[in-house]
């Protein structure tokens, strides 16, 4: 007769039991359904986003071709039959009617988390005059409100996965007690704490295994190149495993109290509500209350007032503008109206800057508040990390906005001297037009920090369980 | 060997077991009789280490249960009133699993033989336990006790609810374990079974062991009369 390791028996028969209870089949099927559906949804959004960007780029290319033909004709001295405001040799026309597309293409993993992508623009066409890009990019409502709205993979992982863990692990001890098996188990020379930990661990391994396999199989099918971005893939898998471990350890601790299955289920659901729903929404509410953002109506109104004032003193403004930009002064050609317009735009930008800054500061404070408080909920930690992995985080959009802002200045500055010097735009200048290529922010500091924080949570729960198990006798787990 | 030395267990102000002194030697079957709430199950639970004594000591083969709970469990086998097994495992799988928990390993043929020896019909060996009767589960419990090679057996009303045939088979299994030198403490309501299988009989009342008898020294009828008298007479008040 051999002396066996009792854990091996425990794992083997627990696995057989779960298989016969159809748990594994249920988990496999449910997770497959959820993962496939959520990735499909994410893919739809990404396709839509990329579709609109590609369409915009195609339109610009088409316009450029037409513009080149027109420039050829004009430069050859032919008369072209297009209205004045379509003549590409006029720099103000070229700067407005022939813009570039400043696009933020979807990341390789963008379908994982919608993040901020459903509230920000993914492409703009900065022009020499007209719209204020600051207005377009300044998100005036709190993005946190829209943070949890899509049925994407992050929704499945953050919201639904804990519920599956709760259903799978809420009664790992109480079930045996209620079925009357625990007394027989406890009559054996084993530690009930270790026995319970083994049960939780086996279930964790099973669920984690199913989930990882599903992700590795389904992600490539929606266009995610696992090996091209092995870092992000690993981060996604580690985050998922860490978050899953957190919920299993919480279920383990709740079971350690030795209460009934019903009590465990209610307690775990209460934790889920607190960590996944209440804390994030409370942070959102406090962000709104503590750092309110001024209204969009006020911004628009102030912009109108500044515009009217600027028009009234157009002559003075032009003189003042030329004093500030002597390199543009002293040229006779060009439209006086356009010169006055650009001069007034410069003033408008300066005038509205404090209002925009006020919005920006409030938003930054809100985001800093949300960022700092994310550590109180593993759900927020995972959301932040997944948004970063997907390239849909607030950081990505702020970075994109800055790049567009820089590009729009470069675009305007390319044409402004031509307008003030009264020079034409030529076909040769096409090659020198500023271009835009989005550069995603480097690093993954948020996901790394959040992953560490989730692991710290797991460590605390495991440590808490060990301390508790040492302080309390196994008898506390037995039926009264 | 089992020993209870000045053993007491109270819940709040209620004494479930009071100053119990008891000894079960190797090869003895000690049957504890008593009304519901007399303290029989509490005594078994104290020996199992499921609960801590308020006072006194419980020993299994000389080991203190309170301080060496896991060590004492290596010597013990336990069959509760209603032995429950994992319903979606078969009888042989349950036996293999619990043997594994006890640190024992047997091959399939050995496990089958043990179950058949304990009276389980061969056609049920590979059937899920959810289809077992109480008697069949008790037989798996006995097979487990044998497989564990325990020197001490604790039984809490094991024949309660069993039909006479199953009860008789159970008694025979107990006697076969007695022959192997197993010390058995059995809480029961079945006076006949206690007389037939027991070597000693104790009668508990309101947490106290009020009588301890040699089973051979009394007939079933005398035991019944004695038991009923004990239950009827009010417990003498301490002065």
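Values in this text are rule-based calculations from the coordinates and carry no lab data. Just so we're clear, the structure is a prediction, and the values are computed from it rather than from any experiment. Note: ideal-geometry Cβ built from the backbone for every residue, glycine included; neighbour counts use all protein chains shown.
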Seminar exercise, completed: For residue A:421, placing the label point 7 angstrom along Cα-to-beta-carbon and taking the range A:86-100, residues whose amide nitrogen sits under 18 Å are A:89-95
For this session: Provide the packing ranking of A:441-448, B:114-121, A:97-104, i.e. peptides ordered by the mean count of other C-beta atoms within 10 Å per residue, highest first.
Result: A:97-104, B:114-121, A:441-448
Seminar exercise, completed: Cα convex hull volume per residue for chain A, in Å³, equals 171
Exercise. With a ≥ b ≥ c the root eigenvalues of the C-alpha gyration tensor of the range B:77-150, is it rounded (a/c under 1.5), prolate (a/b larger than b/c) or oblate?
Worked result: rounded
Problem set entry | Three-way shape label, the range B:16-66, alpha-carbon gyration tensor, a/c 1.5 | oblate
For this session: Quick one: work out the % antiparallel among DSSP beta bridges in the protein assembly as shown, nearest 5.
Result: 55
Exercise. What value, in deg cm²/dmol to 500, does the helix sum -39500 (n - 2.57) over DSSP H runs of n ≥ 4 give at 222 nm once divided by the residues of chain B?
Worked result: -10500 deg cm²/dmol
For this session: Return the calculated 222 nm mean residue ellipticity for chain A, to the nearest 500 deg cm²/dmol, obtained by summing -39500 (n - 2.57) across DSSP H runs with n ≥ 4 and dividing by the residue count.
Result: -22500 deg cm²/dmol
Problem set entry | Length added when fully stretched, residue B:233-residue B:212, from 0.36 nm per residue minus Cα-Cα | 5.9 nm
Problem set entry | Coarse-grained scattering of chain B at q = 0.14 Å⁻¹, given as base-10 log I(q)/I(0) from a Debye sum over alpha-carbon atoms | -0.89
For this session: Pop the C-beta distance of residue A:8 and residue A:286 into the FRET formula with R0 = 56 Å and round what comes out to the nearest 0.05.
Result: 0.65
Seminar exercise, completed: Inter-chain shielding metric for B:43-50, i.e. average beta-carbon neighbours from other chains within 10 angstrom, reads 3
For this session: Starting from the Cα-Cα distance between residue B:1 and residue B:160, subtract it from 0.36 nm times their residue separation and give me the gain in nm to one decimal.
Result: 54.7 nm
Exercise. Averaged across the residues of B:80-86, what count of C-beta atoms belonging to other chains lies within 10 Å of each residue's C-beta?
Worked result: 5
Exercise. Where both partners of a DSSP beta bridge lie in chain B, what percent of those bridges are antiparallel, to the nearest 5?
Worked result: 55
Exercise. Expressed as a whole number of Å, what is the distance separating the alpha-carbon centroids of the range A:59-116 and the range B:1-35?
Worked result: 96
Exercise. Quick one: Cα centre-to-centre distance for the range A:174-245 and the range B:138-212, in angstrom?
Worked result: 43
Problem set entry | Cα gyration tensor, the range B:111-158 - rounded (a/c under 1.5), prolate or oblate | oblate
Exercise. For peptide A:178-186, how many partner chain Cβ atoms fall within 10 Å of a residue's Cβ, on average?
Worked result: 6
Problem set entry | Pair residue A:273, residue B:149: separation of 7 Å Cα→Cβ label points (nm) | 5.5
Problem set entry | Residues listed by number, the range B:131-169, amide nitrogen under 20 Å from residue B:220 label point at 7 Å toward C-beta | B:157-169
